[in-house]
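What follows is a short report on a single structure.
The values are calculated or read from the model by the stated rules, or taken from the named source; none is laboratory data. None of the values given here were measured: they were computed from a predicted structure. A quick note on method: Cβ atoms are made from the backbone with ideal geometry, for glycine too, and the neighbour counts reach across all protein chains shown.
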């Protein structure tokens, strides 16, 4: 690029190179170096280069003017983002979502599926995403939780010893299968709820998408492992009750992303962590204990993501606490006529805690399950306090949580 004078715009000579052979690259890169509001002078000798330049400027949204009627010297002024070929970027493109301005409060439909930070060509189709506002979906540590989940993924074939020999009584093994059957249907719900919202979230909020996607993958692995544990030694799934299914259906029916996350992750999966810890401590065989330990670690991350999102949302919208409380009340009322946790699952937990069918062992197992119930309630209460509920309200809402645990 040359300057014929200090007051004149820079000039580029494309010589005999035509736009059908790459001349546009020279002009394009020269335009990119211009200060804002400046123009570029272009000259050339290739046959028809003037018409080619005019076509190219039209397609790119750049303004073109000629120095005189001979069209030997062109003046090209870059088009603005609004008037040119390229529309506003899907913002700054920072890799770190914590960087200032990296994640916008609202994502625009005409960004579509573009990478955050990409410049979007005019004429690209609008793609509507129902969840397109940051305050609806965001969690400040979504990227960190995703990274933790990636590093903590485990392979059931490697992490678990499927050749373990069972020495516990058959009635205790039947109890394990009953609890695992119950856990599979709960994990089916825990997979479907985030999966249902994934396709509704604008890709601008990709860290949250990634965290939810790996959460779905976690649940799929849990379902596989629990099912495999049931069938080990020729076993079959046990009982699924109407009350349990009604409780889980209420999660699937919840249309609000934040409310669904509150009911599933903060209350349900948080309680589920306690259940898995109970199995990790009291299951009769090392395989079941290790399954429970690994699954509990995954579920704790899911709870952390749900808490992080709700803490962010409540910071933006404190009145949301009222909606969350109403959701717990409405769910409790809608399930009041159901049995909740089925008797078979409760009895199975007592037997797992007991380890044997003797009066003393059953008494000890019953006490362990009562302690589990207290730990579940305490955990819910603590998480509700963290979300800003008053103590009395936190105690009340914790007590209203479904008897089906999830």
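Restricting attention to region 56-65, which residues are farther than 15 Å from residue 17 by Cα and either surrounded by 14 or more Cβ atoms within 10 Å (Cβ to Cβ) or over 53 Å from the mean Cα position of the chain (by Cα) (or both)?
Within region 56-65, 57, 60, 61, 62, 63, 64 qualify.
Out of 308, 247, I need the residue that is surrounded by 17 or more Cβ atoms within 10 Å (Cβ to Cβ) and either more than 26 Å from the chain's Cα centre (by Cα) or modelled with pLDDT under 95 (or both). Which one?
On inspection, the qualifying residue turns out to be 247.
So that you can scan it fast, the table gives a plain yes or no per residue for (1) crowded, with 20+ Cβ neighbours inside 10 Å; (2) closer than 30 Å to residue 105 by Cβ; (3) in contact with a helix residue (DSSP H, G or I) (Cβ under 7 Å, 6 or more places away or on another chain); (4) at pLDDT 95 or above:
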position	(1), (2), (3), (4)
203	no, yes, yes, yes
206	no, yes, no, yes
211	yes, yes, yes, yes
222	yes, no, yes, yes
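Is it true that residue 257 is at pLDDT 95 or above, touching a strand residue (DSSP E or B) at 6+ places or on another chain (Cβ under 8 Å) and over 30 Å from residue 157 (Cα atoms)?
Yes; evaluated as a whole, the condition is true for this residue.
Please go through region 309-346 and give me each residue that is touching a helix residue (DSSP H, G or I) at 6+ places or on another chain (Cβ under 7 Å) and within 23 Å of residue 133 (Cβ to Cβ), ordered by number.
309, 310, 313, 314, 316, 317, 320, 321, 323, 324, 325, 327
Residue-by-condition table, conditions (1) in contact (Cβ under 8 Å) with a residue 12 or more places away in the chain; (2) in a loop (DSSP other than H, G, I, E, B); (3) in contact with a helix residue (DSSP H, G or I) (Cβ under 7 Å, 6 or more places away or on another chain); (4) within 25 Å of residue 121 (Cα to Cα):
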| position | (1), (2), (3), (4) |
| --- | --- |
| 47 | yes, yes, no, no |
| 50 | yes, no, no, yes |
| 59 | yes, no, no, yes |
| 64 | yes, no, yes, yes |
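Could you tell me which numbered condition residue 173 fails, if it satisfies all but one of (1) modelled with pLDDT of 95 or more; (2) closer than 30 Å to residue 304 by Cα?
(2)
Restricting to region 106-153, and then to whatever is over 18 Å from the mean Cα position of the chain (by Cα) and part of a helix (DSSP H, G or I), can you tell me which residue is farthest from residue 208 (Cα to Cα)?
Within region 106-153, the match that is farthest from residue 208 (Cα to Cα) is 110.
Can you confirm whether residue 315 is part of a helix (DSSP H, G or I) and within 15 Å of residue 179 (Cα to Cα)?
no
Under 6 Å between Cβ atoms, at least 6 apart or on separate chains: pull out the pairs that start in region 128-139 with a residue that is within 13 Å of residue 311 (Cβ to Cβ) and end on any residue that is surrounded by fewer than 16 Cβ atoms within 10 Å (Cβ to Cβ).
135/316
If you go through region 17-45, how many residues are surrounded by 13 or more Cβ atoms within 10 Å (Cβ to Cβ) and not in a helix (DSSP H, G or I)?
9
For region 154-166, enumerate the residues that are touching a residue at least 40 places away in the same chain (Cβ under 8 Å), loosely packed, with under 14 Cβ neighbours inside 10 Å and not in a helix (DSSP H, G or I).
161, 162, 164 - these are the residues of region 154-166 that are touching a residue at least 40 places away in the same chain (Cβ under 8 Å), loosely packed, with under 14 Cβ neighbours inside 10 Å and not in a helix (DSSP H, G or I).
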